[in-house]
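The structure appears right after this line, and notes come after that.
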Amino acid sequence: MLFPAGFEARGFIFGAPLALALKCAFVPFRKPGKLPGPTVGASYQLEYGEDRIEMHTGAIQKGQRVLLIDDLIATGGTLAAGIKLIEEIDAKVVECAVVIELKDLNGKAKLGGLPLYVQVQKEGD
């Protein structure tokens, strides 16, 4: 089984309906302090500092296969943090999916060779 995990907040819009179609749980990745109960997380660098994503402890189990979903990939930092988090709990990201890729920022390079499904590629102006 493949488990969709989406990033706050627009990743929820695309990931939750996919989870319904697959008849499985959807796993939200949120900013620190937004989820109730115990969480695990991963930090990542932004152009202007650092941020962190978290998910509920136990939402994804060791060995499970995960599809990471977001609305956009720019520098790739958010998706890379999601990959790091999933790998730290001994699960496996099998693919990433986004609606828009800002191709000139080369965020795909931070995904460690994972497949990236993109609906729209945007080149620089």
Q) Can you tell me which residue in the range 42-83 is modelled with the lowest pLDDT, limited to those that are in a loop (DSSP other than H, G, I, E, B) and within 20 Å of LYS122 (Cβ to Cβ)? A) GLU47
Q: Output the qualifying pairs, or none if there are none: Cβ atoms under 7 angstrom, residues six or more apart or on different chains, first residue in the range 101-121 and of a type in the set (A, V, I, L, M, F, W, C), second residue assigned to a loop (DSSP other than H, G, I, E, B).
A: LEU102/ALA74; LEU105/ALA74; LEU105/THR75; ALA109/GLY76; LEU111/GLY76
Q. What about PRO17, is it part of a loop (DSSP other than H, G, I, E, B), without any contact (Cβ under 8 Å) to a residue 24 or more places away in the chain and either β-branched (Val, Ile, Thr) or surrounded by fewer than 21 Cβ atoms within 10 Å (Cβ to Cβ) (or both)?
A. no
Q) Which one of these is in contact (Cβ under 8 Å) with a residue 60 or more places away in the chain, surrounded by fewer than 18 Cβ atoms within 10 Å (Cβ to Cβ) and over 12 Å from the mean Cα position of the chain (by Cα): LEU2, LEU46? A) LEU2
**Q.** Meets criteria (among the charged types (D, E, K, R) and either surrounded by fewer than 17 Cβ atoms within 10 Å (Cβ to Cβ) or not in a strand (DSSP E or B) (or both)) for GLU101
**A.** no
Q: Go through the residues of the range 54-61 one by one and say whether even a single one is surrounded by fewer than 17 Cβ atoms within 10 Å (Cβ to Cβ) and under 27 Å from ASP104 (Cβ atoms).
A: no
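So, in the range 72-95, exactly how many residues are polar (S, T, N, Q) and either surrounded by fewer than 17 Cβ atoms within 10 Å (Cβ to Cβ) or over 11 Å from the mean Cα position of the chain (by Cα) (or both)?
First pass over the range 72-95, keeping only residues polar (S, T, N, Q): 75, 78.
Narrowing the set further to residues that are either surrounded by fewer than 17 Cβ atoms within 10 Å (Cβ to Cβ) or over 11 Å from the mean Cα position of the chain (by Cα) (or both) leaves 75.
Result for the range 72-95: 1.
The values are calculated or read from the model by the stated rules, or taken from the named source; none is laboratory data. Because the structure is predicted, anything quoted here is derived from the model rather than measured. Positions of Cβ are backbone-derived with ideal geometry, glycine not excepted, and every protein chain shown enters the neighbour counts.
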